[in-house]
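Take a look at the structure below.
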């Protein structure tokens, strides 16, 4: 199978081997773009990465993460008409660790939420549901080392953000919400943090499915049986997985772009994978057995003196589907710069159907001897 995709008017062939075409003008947003706009010295940044993506009015809106020079991450906004070029950076950060001047949902413990975010905000995902934009983001505690709670903020205009606090009162790093109700419930994918000191293995290999009647309630019924699980056997996903972009509705099913990690003697490279959920029963899932994108030198083009945060990492928090089935995947390179690649829903779905893996173990369900 192959498809012809277009990016800035140039046609490119993709297929089951070259699944994603990288935009030739990557990176699309860097710290230099932000530092031209955020003028105060204390707001100068050294990265732009792990950005949520949504359509807002006439723009593709990017809610990006940036490291300040004190090591804390904040969230900023960039906007583009075509989602590729001429990105306009908002004049100041959109979300920083909250204080009493911010807006909070009724009934929340404001003092607790301020402490909850004191260590920084990371990796926003955006799900539009009617006129509201639901933003899940990793909030790091200001005084408890490594304590992270995925938290919820809601906006209508990307100017005012109402904090609802932690989605769950447990360490959690990735939460993505499906953009519509299915059988009278909202669904989301969750990746819990492990209780060990490491960053791979254990329950880092699990993705869980949860449901709720009300996304604003922060009350989720989590199925303890993983919807995706890796057993640690040889795989590019063997040591860690997690949901990336909010699922995308297509004629084939819900496309779920996730990340996987394989520990090596020289670190923990991150890859992008794809899974396909049934439109009416999202617990029914096919997972492609190999990555759709692997880290390369092309994903982190920087200047000689630029900071590089984490080598061999590509990470996606947002994607955008076009009417013709093309999907633009917005991904960070080395936790340092923002890139984009284009693929097609037909190719992603075919990978899941033709080369699936056991969802409970990660073992391939196809023969290496077959054509």
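Sort through 267, 202 and tell me the only one that's surrounded by fewer than 22 Cβ atoms within 10 Å (Cβ to Cβ), touching a residue at least 12 places away in the same chain (Cβ under 8 Å) and at positive phi. Steps first, please.
On the way: 202 fails: touching a residue at least 12 places away in the same chain (Cβ under 8 Å).
That would be 267, the only listed residue that is surrounded by fewer than 22 Cβ atoms within 10 Å (Cβ to Cβ), touching a residue at least 12 places away in the same chain (Cβ under 8 Å) and at positive phi.
Looking at segment 37-60, which of its residues are surrounded by fewer than 24 Cβ atoms within 10 Å (Cβ to Cβ) and assigned to a strand (DSSP E or B)?
First pass over segment 37-60, keeping only residues surrounded by fewer than 24 Cβ atoms within 10 Å (Cβ to Cβ): 37-46, 54-60.
Listed by number, the residues that qualify are 45, 54, 55, 56, 59, 60.
Within segment 190-197, is even one residue modelled with pLDDT of 95 or more and surrounded by fewer than 20 Cβ atoms within 10 Å (Cβ to Cβ)?
no
Taking the residues in segment 125-147 that are touching a helix residue (DSSP H, G or I) at 6+ places or on another chain (Cβ under 8 Å) and not in a loop (DSSP other than H, G, I, E, B) as candidates, determine which candidate is nearest to residue 318 (Cα to Cα).
Applying the first criterion (touching a helix residue (DSSP H, G or I) at 6+ places or on another chain (Cβ under 8 Å)) to segment 125-147 yields 129, 134, 139-143.
Narrowing the set further to residues that are not in a loop (DSSP other than H, G, I, E, B) leaves 129, 134, 139-140.
Values: 129: 15, 134: 13, 139: 18, 140: 21 Å.
Within segment 125-147, the match that is nearest to residue 318 (Cα to Cα) is 134.
Considering only segment 166-197, how many residues are in contact with a helix residue (DSSP H, G or I) (Cβ under 8 Å, 6 or more places away or on another chain), outside any strand (DSSP E or B) and within 18 Å of residue 268 (Cβ to Cβ)?
3
Results for (1) over 18 Å from the mean Cα position of the chain (by Cα); (2) closer than 20 Å to residue 200 by Cα, shown as yes or no for each residue.
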position: 248; (1), (2): no, no
position: 251; (1), (2): yes, no
position: 267; (1), (2): yes, yes
position: 275; (1), (2): no, no
position: 290; (1), (2): yes, yes
position: 327; (1), (2): no, no
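Kindly indicate which of 175, 162 is surrounded by 21 or more Cβ atoms within 10 Å (Cβ to Cβ) and closer than 24 Å to residue 103 by Cα. Spell out the reasoning first.
Details: 162 fails: surrounded by 21 or more Cβ atoms within 10 Å (Cβ to Cβ).
Only one candidate passes the filter, namely 175.
Only one residue in 34, 74, 20 is surrounded by 13 or more Cβ atoms within 10 Å (Cβ to Cβ), within 30 Å of residue 169 (Cα to Cα) and out of contact with any helix residue (DSSP H, G or I) (no Cβ under 6 Å at 6 or more places or on another chain), so which one is that?
Values: 34 fails: within 30 Å of residue 169 (Cα to Cα); 20 fails: within 30 Å of residue 169 (Cα to Cα).
Among 34, 74, 20, only 74 is surrounded by 13 or more Cβ atoms within 10 Å (Cβ to Cβ), within 30 Å of residue 169 (Cα to Cα) and out of contact with any helix residue (DSSP H, G or I) (no Cβ under 6 Å at 6 or more places or on another chain).
Please verify whether residue 299 is surrounded by 18 or more Cβ atoms within 10 Å (Cβ to Cβ), farther than 30 Å from residue 169 by Cα and within 20 Å of the chain's Cα centre (by Cα), treating the condition exactly as stated. Can you show your working first?
Values: surrounded by 18 or more Cβ atoms within 10 Å (Cβ to Cβ): yes; farther than 30 Å from residue 169 by Cα: yes; within 20 Å of the chain's Cα centre (by Cα): yes.
Criteria met by residue 299.
All but one of (1) at pLDDT below 95; (2) assigned to a helix (DSSP H, G or I) hold for residue 33, so report the exception by its number.
(1)
With the requirement that a residue be out of contact with any strand residue (DSSP E or B) (no Cβ under 7 Å at 6 or more places or on another chain), assigned to a helix (DSSP H, G or I) and either in contact (Cβ under 8 Å) with a residue 24 or more places away in the chain or under 24 Å from residue 322 (Cβ atoms) (or both), what does segment 73-113 give you?
The initial filter retains those residues of segment 73-113 that are out of contact with any strand residue (DSSP E or B) (no Cβ under 7 Å at 6 or more places or on another chain), namely 82, 85, 91-92, 99-101, 106-107, 109, 111-112.
From what's left, assigned to a helix (DSSP H, G or I): 111-112.
Residue satisfying the conditions is 112 alone.
Looking only at residues that are touching a residue at least 60 places away in the same chain (Cβ under 8 Å) and assigned to a strand (DSSP E or B) in segment 148-163, which one is farthest from the chain's Cα centre (by Cα)?
The residue in question is 163.
Farther than 22 Å from residue 73 by Cα, at pLDDT 95 or above and either in contact with a strand residue (DSSP E or B) (Cβ under 6 Å, 6 or more places away or on another chain) or not in a loop (DSSP other than H, G, I, E, B) (or both): does that describe residue 271?
Numbers: farther than 22 Å from residue 73 by Cα: yes; at pLDDT 95 or above: yes; either in contact with a strand residue (DSSP E or B) (Cβ under 6 Å, 6 or more places away or on another chain) or not in a loop (DSSP other than H, G, I, E, B) (or both): yes.
So residue 271 passes the test.
Between a residue in segment 285-310 that is on the phi < 0 side of the Ramachandran plot and assigned to a helix (DSSP H, G or I) and any residue that is at pLDDT 95 or above and surrounded by 14 or more Cβ atoms within 10 Å (Cβ to Cβ), which pairs come within a Cβ distance under 7 Å, given they are 6 or more apart or on different chains?
Within 7 Å, the pairs are 298/22; 298/26; 299/314; 299/333; 299/334; 299/339.
Give the number of residues within segment 209-246 that are free of Cβ contacts under 8 Å to residues at least 24 places away in the same chain and within 15 Å of residue 185 (Cβ to Cβ).
Within segment 209-246, the subset free of Cβ contacts under 8 Å to residues at least 24 places away in the same chain is 210, 217, 219, 221, 224-225, 234.
Subset that is within 15 Å of residue 185 (Cβ to Cβ): 210, 217, 219, 221.
Residues flagged as free of Cβ contacts under 8 Å to residues at least 24 places away in the same chain and within 15 Å of residue 185 (Cβ to Cβ) within segment 209-246 amount to 4.
Here's a check for you: in segment 321-345, which residue that is within 22 Å of residue 228 (Cα to Cα) and out of contact with any helix residue (DSSP H, G or I) (no Cβ under 9 Å at 6 or more places or on another chain) is surrounded by the most Cβ atoms within 10 Å (Cβ to Cβ)?
Taking segment 321-345 as the starting set, the residues that turn out to be within 22 Å of residue 228 (Cα to Cα) are 329, 331, 345.
Imposing the further condition that a residue be out of contact with any helix residue (DSSP H, G or I) (no Cβ under 9 Å at 6 or more places or on another chain) reduces the set to 329, 345.
Values: 329: 28, 345: 22.
So the residue we want is 329.
The values are calculated or read from the model by the stated rules, or taken from the named source; none is laboratory data. Since the model is a prediction, treat every value here as computed from it, not as a measurement. All Cβ positions, even for glycine, are placed from backbone atoms using ideal geometry, and neighbour counts span all protein chains on display.
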